[in-house]
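Undergrad: The structure follows.
The values are calculated or read from the model by the stated rules, or taken from the named source; none is laboratory data. All values derive from a computational prediction rather than experimental measurement. Glycine gets a Cβ as well: all are built from the backbone with ideal geometry, and neighbour counts include every protein chain shown.
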Amino acid sequence: MKIKRILTLALAMMLVLGLVAGCAQSSATTTAAAGETTSAAAETTTAAAPAEKIKVGVIYISPKNDGGWSQAHADGFAAAVAAVGADKIDLKEIENVNDADAQQTETALNQLVADGCQIIFATSFGYMETTAKVASENPEIKFEHCSGYMSADNFANYFAQIEQPRFLSGIVAGRMTKSNTIGYVAAMQIPEVYRGINAFTLGVRSVNPDAVVKVTWTNTWFNPQLEKEAAISLIDSGADVLAQHQDSTAVQQAAQEKGVFGIGYDNPMYSEAIKDAYLTAPVFKWGAYYEQRLAAMLDGSWTTGAYWGGMNDGVVALDAMTALVPAEVQTEVNALVDTMKAQGNDFVFAGPIKDNTGAERVAAGASLSADDQFAMDWFVEGVVEAK
């Protein structure tokens, strides 16, 4: 009996121990499985989370649909964002920031800083010094300024050699004029504008040495009414082709209304409203540059510096010539494109070049240096200023 009782107790104990061990093993397996499931869920959540966007700020001097300067930049940013991925860029734009008003400029820049922008582009010459100031106060943010010359560790400058398509558009004007007086509505008396007028005039006189380019100043970048008035005054003084260094299409509208030809600037300007006047325009293709800079922000390779690209980089071009330009003139212009891409501004400003007082500025066999181009404050032979 004792032996039976002992055996029964032993079997009972073994059964209990087996059940306990089984429960423990089951519990451990369940816990591990739950842990693996939680871990997998965490990994899935992490993978699905969208990457944080780069915040990019821009200030424009005029409406971004002005048909000219600001629209060229805005279109460039739109193209660049599409190229690098709209899911990677948060673009913040402020329009109509007067570059002659330092306080307004600083307020706009600081608004973009407060919005968390990691890189800010200032797209007009007059923004330069204020942008440099705000950049120095925010060393963790990157800034870029168009058409200026200042720079710092977090402050780059950039522009494009628009003089190349300017020269080509001058050939068109030189062939199209009958009066040999070409009007030019110019903005500010700074080297950028002098370079443009001179490049255009060199193109004109390369095919028509009897033509003159008559310049009138508005002393503003964007004032459609003033631009149009200046254009009409040039037409009244005998100009039958107009060119411009202005931000709107007002000069082209004046040409249409007065029955003369027009050469635009900044952005392709053709529309039905000016179809009887518009010939072509030297234009900016900023998307090629902005794409590079946004990509550099995304991969961490952004560096400061100075950029000055040309037709070979795809940042400037001559807009398609309209049917108003004879086929033989279009062929003549297009035949120079490859040479222009290869030689750039060395071709545009190749000597001999005299200024409009008759003094030699560039000797035969030489070209005007980049430093001299950036300091230009004189006119080439063939330029006259309207009285």
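Undergrad: Could you list, ordered by first residue, the pairs with Cβ atoms under 7 Å in which the first is in segment 263-277 and under 18 Å from residue 186 (Cα atoms) and the second is part of a helix (DSSP H, G or I) and of a type in the set (A, V, I, L, M), at least 6 apart or interchain?
TA: 263/172; 263/173; 266/72; 267/72
Undergrad: Residue 132 - would you say it is at pLDDT 95 or above, aliphatic (A, V, I, L, M), in a helix (DSSP H, G or I) and not assigned by TED's automatic domain parsing to the domain that holds residue 238?
TA: Considered against the rule, which asks whether it is at pLDDT 95 or above, aliphatic (A, V, I, L, M), in a helix (DSSP H, G or I) and not assigned by TED's automatic domain parsing to the domain that holds residue 238, residue 132 comes out as yes.
Undergrad: Which residue, of 46, 8, is surrounded by 10 or more Cβ atoms within 10 Å (Cβ to Cβ), outside the structural domain of residue 269 (by TED's automatic domain parsing) and either modelled with pLDDT of 95 or more or outside any loop (DSSP other than H, G, I, E, B) (or both)?
TA: When all the criteria are applied, what remains is 8.
Undergrad: Just checking, does segment 129-141 include any residue being among the acidic types (Asp, Glu) and surrounded by 20 or more Cβ atoms within 10 Å (Cβ to Cβ)?
TA: no
Undergrad: Okay, moving on. Consider residue 368 carefully, then state whether it is farther than 24 Å from residue 180 by Cα, in contact with a strand residue (DSSP E or B) (Cβ under 7 Å, 6 or more places away or on another chain), surrounded by 14 or more Cβ atoms within 10 Å (Cβ to Cβ) and in the same structural domain as residue 210 (by TED's automatic domain parsing).
TA: Numbers: farther than 24 Å from residue 180 by Cα: yes; in contact with a strand residue (DSSP E or B) (Cβ under 7 Å, 6 or more places away or on another chain): yes; surrounded by 14 or more Cβ atoms within 10 Å (Cβ to Cβ): yes; in the same structural domain as residue 210 (by TED's automatic domain parsing): yes.
Taking the combined requirement at face value, the residue satisfies it.
Undergrad: Please return the ranges of strands (runs of 3 or more DSSP E) entirely within segment 150-217 where 2 or more residues are in the same structural domain as residue 72 (by TED's automatic domain parsing) and over 17 Å from residue 381 (Cα atoms).
TA: Ranges flagged: 155-160.
Undergrad: Another one. In the set 323, 295, which member is in a helix (DSSP H, G or I) and out of contact with any strand residue (DSSP E or B) (no Cβ under 7 Å at 6 or more places or on another chain)?
TA: Going through 323, 295 in turn, just one is in a helix (DSSP H, G or I) and out of contact with any strand residue (DSSP E or B) (no Cβ under 7 Å at 6 or more places or on another chain): 295.
Undergrad: If you check every pair at least six apart or on different chains, which have Cβ atoms under 8 Å apart with a residue in segment 93-120 that is touching a residue at least 60 places away in the same chain (Cβ under 8 Å) first and a residue that is among the aromatic types (Phe, Trp, Tyr) second?
TA: Going by the 8 Å Cβ cut-off, the qualifying pairs are 99/125; 99/127; 99/221; 119/143; 119/302; 120/143.
Undergrad: Counting just the residues of segment 88-113 that are among the small types (Gly, Ala, Ser) and not in a loop (DSSP other than H, G, I, E, B), which one comes out nearest to the chain's Cα centre (by Cα)?
TA: Here the residue is 108.
Undergrad: Consider residue 302 against the criteria (1) outside the structural domain of residue 203 (by TED's automatic domain parsing); (2) under 17 Å from residue 164 (Cα atoms); (3) of a type in the set (Phe, Trp, Tyr): it satisfies all of them except one. Which criterion is unmet?
TA: Failed condition: (2).
Undergrad: Which of (1) over 24 Å from the mean Cα position of the chain (by Cα); (2) in contact (Cβ under 8 Å) with a residue 12 or more places away in the chain; (3) on the phi < 0 side of the Ramachandran plot does residue 327 not meet, given it meets every other one?
TA: For residue 327, the exception is condition (2).
Undergrad: Answer yes or no: is there a residue in segment 338-346 that is more than 22 Å from the chain's Cα centre (by Cα), closer than 20 Å to residue 194 by Cα and at pLDDT 95 or above.
TA: Looking through segment 338-346, at least one residue is more than 22 Å from the chain's Cα centre (by Cα), closer than 20 Å to residue 194 by Cα and at pLDDT 95 or above.
Undergrad: So, one more: For segment 234-262, what are the residues that are among the hydrophobic types (A, V, I, L, M, F, W, C) and either in contact with a Cys (Cβ under 6 Å, 6 or more places away or on another chain) or in contact (Cβ under 8 Å) with a residue 40 or more places away in the chain (or both)?
TA: Hits for segment 234-262 are 234, 235, 239, 241, 242, 243, 251, 261.
Undergrad: Only one of (1) surrounded by fewer than 24 Cβ atoms within 10 Å (Cβ to Cβ); (2) at negative phi fails for residue 245. Which number is that?
TA: Among (1) surrounded by fewer than 24 Cβ atoms within 10 Å (Cβ to Cβ); (2) at negative phi, the lone unmet condition for residue 245 is (1).
Undergrad: In segment 49-76, which residues are among the aliphatic types (A, V, I, L, M) and either crowded, with 22+ Cβ neighbours inside 10 Å or assigned to a helix (DSSP H, G or I) (or both)?
TA: 56, 58, 59, 61, 72, 74
Undergrad: Let me ask something additional. Name the residue that is surrounded by the fewest Cβ atoms within 10 Å (Cβ to Cβ), counting only residues in segment 95-110 that are of a type in the set (A, V, I, L, M, F, W, C) and out of contact with any Gly (no Cβ under 7 Å at 6 or more places or on another chain).
TA: Taking segment 95-110 first, the residues of a type in the set (A, V, I, L, M, F, W, C) are 97, 100, 102, 108-109.
With out of contact with any Gly (no Cβ under 7 Å at 6 or more places or on another chain) added as a condition, the list becomes 97, 102, 108-109.
Numbers: 97: 25, 102: 14, 108: 25, 109: 27.
Within segment 95-110, the match that is surrounded by the fewest Cβ atoms within 10 Å (Cβ to Cβ) is 102.
Undergrad: Please find, within segment 114-128, the residue that is farthest from the chain's Cα centre (by Cα) out of those that are buried (at least 19 other Cβ atoms within 10 Å of the Cβ), of a type in the set (A, V, I, L, M, F, W, C) and part of a helix (DSSP H, G or I).
TA: 128
Undergrad: Please enumerate the residues belonging to segment 77-87 that are surrounded by fewer than 22 Cβ atoms within 10 Å (Cβ to Cβ) and within 12 Å of the chain's Cα centre (by Cα).
TA: 78, 79
Undergrad: Here are 339, 322, 304: which of them is under 26 Å from residue 119 (Cα atoms), polar (S, T, N, Q) and in contact with a Phe, Trp or Tyr (Cβ under 8 Å, 6 or more places away or on another chain)?
TA: Unique residue meeting the criteria: 304.
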